[in-house]
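The values are calculated or read from the model by the stated rules, or taken from the named source; none is laboratory data. What you see is a predicted model, and the numbers here were worked out from it, not measured in a lab. Neighbour counts run over all protein chains shown; Cβ positions are idealised from the backbone, glycine included. Accessible surface areas use protein heavy atoms only, side chains included; no ligands, DNA or RNA. Shrake-Rupley method; radii C 1.70, N 1.55, O 1.52, S 1.80 Å.
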Amino acid sequence: ADHIGEVGLSPLLLPPDEVLKGVGVFLKAARAAAEVAASAEEDALQQALKLDASEAESQSAAVHAALARSGPLLLRAAEAGEALPKDEFDSLDDAMARFEEPYVGLPGIKSDRLPARLATADPGTGMFANLVKKLQALVGRSLADVEAWQLQARRALLSQPGQSPDLDARRAEVASELNTALAVATRDATKVLAQSDHLPVVRRVHTVAPDGNPVVVFTWNVMEFPAMESSTKVIDGISPHADQLQRALDCKGASEKRMLLNAMCTYGVLKQHLDLVVGTVRHALSQDGPNSTGAFVVLLQEVSEELRAALSEECRAQSWFCSFSDSAQVPGKCDAITCIISRHPMEDGGQVVIEENGKARRLAVARWGQTWIASCHVPHEPSKGKSIAQKVGSAPGSMQSEIGNADAGARVLASLAERFMGDGATSIVVGGDWNADVREVAQVARRLLQEGAEGADSSGLALELFAPDGATHMGVEVPIDGILVVQRAPP
């Protein structure tokens, strides 16, 4: 059979349902820990607020008395279209300034004082009309309203470090307890958090070997994680996966995503991911044991510089061939390296740069006899806020395919065939992440090859698709990863 099971290739790989279950357990534990911490911090804040509650009540009563005394006089003058009495305005403004002074500049705290330019507005102007509205609102304020404003302001003040040593100490204890609980939850979920959002595709590909025997091709988008040793974590590679996990678990929320991304950026998870990829490649190329994959070649996408170094070291130790594309070298973005690894010697073909959907991607290429091999990662369509899962169709919800990226993938394949199907080459094997239903890519590519894409001599070219019928990307119902082989029939 051409099909080789995608899951179970390595004991480090987990099926998507197990990943979802494990992430769900992590998020449940993380939310519970966060709720305990929030409750403990609120209790500590309430204790701090009680310490000067009497003084705060006196301050609120004093400013409310000033409002009750001066507010109606100012409002009557304004409603009569007259300038505000200066003595009354100054008296009220001084009282409100003293009341608000400790809270000036605090986040979320808006002053109730009348702006000077509003208080001196000329009667009959639009600004004067705004003055009347502002005075009406002030005069209508009850003591309870003033106390509520001050309570909010006092909470904001106490949220600033250095206002209450006892509160600061308790908050530090709560934060430490929360960090410990999250560290335990992350440790327990390390294996599931380190998984890629793509499944490997492994197929026996026919007629590309010199002896005519099929060879096993393994392709996998490993999902780029941040670098372990970098102080600045680039999360572009893992953030869409976190979004999809939250959707699948019906556990949306900014705090949940922050905890999930923070866990995925911990050293233990990052090291686990690196070991996962290297171990899976080692297992894939192994020919030992009844469960070995025995892959002839491994094609990887979304490789980081850090992972490239680890894979290069493994290849040196195993005497394997490897070829890596250059990194994207865009500050703050993923490295997006593609690579080819084989247990057989090959001719390094360097890289090919493709441009689709406004993005450039570098594809590693190599030659083995009369066959070219490329590791492909087609840029997805401009998302307009949608993930690949939302664009292609995700479960639950079962949206139908609305992605048009099949044309982009077909153009990439046709251009590779045009470039490499010469100079004695009889076939090209292109495996990777097409960011579209790979079956649709094959259909469009066949038409392009029959028509002679961009003037290429496509006579006698045949295309064969090697891919599963089901999902290869978490949350997407169609296969977006696969292997496409273009061959020239013998004369």
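Report the residue count in the range 303-340 for those that are within 21 Å of residue 472 (Cα to Cα) and either open to solvent by 40 Å² or more (accessible area, probe 1.4 Å) or hydrophobic (A, V, I, L, M, F, W, C) (or both).
5
Out of all the residues in the range 130-160, which are of a type in the set (Lys, Arg) and either surrounded by fewer than 16 Cβ atoms within 10 Å (Cβ to Cβ) or not in a helix (DSSP H, G or I) (or both)?
133, 141
Identify the single condition in (1) touching a residue at least 60 places away in the same chain (Cβ under 8 Å); (2) surrounded by fewer than 22 Cβ atoms within 10 Å (Cβ to Cβ); (3) touching a helix residue (DSSP H, G or I) at 6+ places or on another chain (Cβ under 7 Å) that residue 218 does not satisfy, given that it satisfies every other one.
(2) is the only condition that residue 218 fails.
Tell me, yes or no, whether the range 179-190 has at least one residue that is part of a strand (DSSP E or B), crowded, with 21+ Cβ neighbours inside 10 Å and not aromatic (Phe, Trp, Tyr).
no
Just to be sure before I move on: is residue 195 of a type outside the set (Asp, Glu), under 28 Å from residue 467 (Cα atoms) and part of a helix (DSSP H, G or I) in the structure I sent?
For residue 195, the condition - of a type outside the set (Asp, Glu), under 28 Å from residue 467 (Cα atoms) and part of a helix (DSSP H, G or I) - is not met.
From the residues in the range 79-93 that are in contact (Cβ under 8 Å) with a residue 24 or more places away in the chain and open to solvent by 50 Å² or more (accessible area, probe 1.4 Å), which one is nearest to residue 148 (Cα to Cα)?
79
If you check 335, 326, 348, which single one turns out to be closer than 28 Å to residue 420 by Cα, in a loop (DSSP other than H, G, I, E, B), among the charged types (D, E, K, R) and more than 21 Å from the chain's Cα centre (by Cα)?
Checking each option against the conditions leaves just 326.
Between a first residue in the range 463-474 that is of a type in the set (Gly, Ala, Ser) and a second residue that is part of a loop (DSSP other than H, G, I, E, B) and open to solvent by 30 Å² or more (accessible area, probe 1.4 Å), which pairs have beta carbons less than 6 Å apart while being 6 or more apart in sequence or on different chains?
Within 6 Å, the pairs are 471/477.
If a residue must be crowded, with 16+ Cβ neighbours inside 10 Å, under 22 Å from residue 65 (Cβ atoms) and not aromatic (Phe, Trp, Tyr), how many such residues does the range 94-108 contain?
The qualifying residues number 3.
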